[in-house]
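A short worksheet on the structure shown next.
The values are calculated or read from the model by the stated rules, or taken from the named source; none is laboratory data. The shown structure was predicted, so the numbers you read here are calculated from the model rather than taken from an experiment. Note that each Cβ is placed from the backbone with ideal geometry, even for glycine, and that neighbours are counted across all protein chains shown.
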Amino acid sequence: LGRRKNVTGVMAEQLPRDVIQLLKDFGELAEGLGYKAYAVGGFIRDLLLRRSNLDIDIVVEGDGIRFARAFAEKYGVRARCHKKFNTAVLIFPDGLKVDVATARLEYYQYPAALPVVQFGSLKMDLYRRDFTINTLAVALNPEEFGELIDFFGGQKDIKDKAVRVLHNLSFVEDPTRILRAVRFEQRFSFKVGKQTAGLMRNTVKMGLLSKLGGHRLFHELQQILMEEDPLPAIRRMGEFELLAAFHPSLRYDAHMQALFARVKEVISWYELSFLDEPLESWWVYFLVLFSRLSRKELKQVLDRLEIPLSRQERIVWTYNRVDHLLGTFFRLPDPRPSDIYRALQPFRPEELLFLMVQATCEDVRRIVSHYCHRYRHVQTELKGRDLKAMGFPPGPLYSRILNDLLDARLNGQVRSRAEELEFVKARWPVLEKASNGS
Ligand code: ATP
């Protein structure tokens, strides 16, 4: 291997000090156990690309579970172990997670044989990975801390901005890598290498994507839709004829491009307006991606992706509901705030954004925006216990009264607790008396 490059300088530039210390701690612990520890994979790739990434993956030449347990005990963190796979996750109090995998030291089969060379098991571990850019490792043991280990030309491919597989059967072994290749290519503005692109096309032609399990296909699609900007990857999927793996009639065209651009706009509007509200933005893209399929085609896609039936029903409900609202409700002039509330309240934020994307007229988007800003969180001041104190007998009547009251509140008919009390007394006087009398 010759002299290896040391990347402690880049680490000092790119990583928080406590992360570097953590890596050193891993190295020292490994040393004490007679193991070797390496930081590997996307973490190192991103280190060299100067992209922040604190998803740390450690490979241990030795017993990874014993290593994780020892670390957890020494530093008082939690270790979740998966015996079957010889892996563990270290969970730090601040939420940082470190994956620990085992590259078992392997010995020659016959008695008295010499153990495998020092890097035997690390190299094998890395050889199973998807692309050369993900095969870089950095040694953590004290004597060699920061040494970059590059068995498969990962550094050169990072420099060349190339996504390359390690061997010709890579995509046949695992066709999800085809989608991963597109994702990494577009994320980093790299290019899939010529030979790798050929292998991808062959694997697609062989129909191997259709052999993939639905869960895995769904997971890879989700990963793509979770990218900062999924549009380029979707376009590239179109070029590689990967969209057909989801449904033959799915295609990337100018309309899809326009819809995706709108998704991007509404997501950034929402995220800027409601900083603290969680949003699964990839779900908006998902809904848009399949929005132009017929119901029958949609069912085929959702079955293909092994989406649970309850979720399928919700998706179909969303499409139907959005169609209905755009076709009728939003055509009515001057809806009252309470009507808007009742129309939009059943939607999750992702579904509201989908509605905004589907809407062709600006008015609809303005109404949804109003709803999000002004109506969504409106509540009555009176609660069930107040109704009880007023003498109403507990029962389904409560929700009728409170709904009525909420409508009044939304429409500006009542603005305070006192006015709410007045409103209820005025509208439900008979009942009030009846219950008071009993
Ligand atoms: P991201 O930044 O998207 O998390 P990552 O490179 O960390 O990218 P993960 O999906 O978290 O990707 O996978 C961690 C590592 O496991 C990768 O670096 C890759 O080498 C390896 N890996 C993941 N999926 C596969 C696969 N299908 N085939 C081979 N190796 C894989």
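I need a count of the residues in the stretch 17-56 that are under 15 Å from GLY146 (Cα atoms) and either touching an Asp or Glu at 6+ places or on another chain (Cβ under 6 Å) or away from the ligand (no atom under 16 Å from the Cβ) (or both).
Number satisfying all stated conditions: 17.
Taking helices (runs of 4 or more DSSP H) that do not extend beyond the stretch 240-317, which have at least 3 residues that are within 19 Å of GLN186 (Cα to Cα) and of a type in the set (Ser, Thr, Tyr)?
By residue number, no helices (runs of 4 or more DSSP H) qualify.
Restricting attention to the stretch 120-140, and to residues there that are part of a loop (DSSP other than H, G, I, E, B) and crowded, with 24+ Cβ neighbours inside 10 Å, which single residue is nearest to the ligand (Cβ to nearest atom)?
THR135
Just the residues that are under 20 Å from the mean Cα position of the chain (by Cα), within 19 Å of LYS161 (Cβ to Cβ) and polar (S, T, N, Q), please, taken from the stretch 172-225.
Listed by number, the list holds a single entry, GLN186.
Of all the residues that make up the stretch 373-397, how many are in a loop (DSSP other than H, G, I, E, B) and either in contact with a helix residue (DSSP H, G or I) (Cβ under 7 Å, 6 or more places away or on another chain) or at pLDDT below 90 (or both)?
Of the residues in that region, 10 qualify.
Mind telling me which of the residues GLN155, GLN223 ends up being part of a helix (DSSP H, G or I), more than 12 Å from the ligand (Cβ to nearest atom) and within 30 Å of LEU15 (Cα to Cα)?
GLN155
How many residues are closer than 20 Å to LEU231 by Cα and either within 12 Å of the ligand (Cβ to nearest atom) or exposed (fewer than 14 other Cβ atoms within 10 Å of the Cβ) (or both) when one looks only at the stretch 162-185?
Residues meeting the conditions: 9.
Collect the residues in the stretch 71-86 that are within 16 Å of the ligand (Cβ to nearest atom) and either outside any strand (DSSP E or B) or surrounded by 16 or more Cβ atoms within 10 Å (Cβ to Cβ) (or both), keeping them in residue-number order.
PHE85, ASN86
Scan the stretch 271-284 and tell me whether some residue there is without any contact (Cβ under 8 Å) to a residue 12 or more places away in the chain and aromatic (Phe, Trp, Tyr).
no
Right, VAL368: β-branched (Val, Ile, Thr), closer than 30 Å to VAL284 by Cα, at pLDDT 95 or above and within 35 Å of the chain's Cα centre (by Cα) or not?
In short, yes.
Going by the conditions given, is ALA68 buried (at least 16 other Cβ atoms within 10 Å of the Cβ) and within 16 Å of the ligand (Cβ to nearest atom)?
no
Can PHE218 be described as within 13 Å of the ligand (Cβ to nearest atom), of a type outside the set (Gly, Ala, Ser) and at pLDDT 95 or above?
For PHE218, the condition - within 13 Å of the ligand (Cβ to nearest atom), of a type outside the set (Gly, Ala, Ser) and at pLDDT 95 or above - is not met.
Scan the stretch 45-70 for residues that are part of a helix (DSSP H, G or I) and of a type in the set (A, V, I, L, M) and jot them down.
LEU47, LEU48, ILE65, ALA68, ALA70 - these are the residues of the stretch 45-70 that are part of a helix (DSSP H, G or I) and of a type in the set (A, V, I, L, M).
Looking at the stretch 384-412, which of the residues that are charged (D, E, K, R) and closer than 20 Å to ARG342 by Cβ is surrounded by the fewest Cβ atoms within 10 Å (Cβ to Cβ)?
ARG400
Could you please give the count of residues in the stretch 29-53 that are within 27 Å of ARG104 (Cβ to Cβ) and surrounded by fewer than 15 Cβ atoms within 10 Å (Cβ to Cβ)?
Going through the stretch 29-53 one residue at a time, the tally reaches 2.
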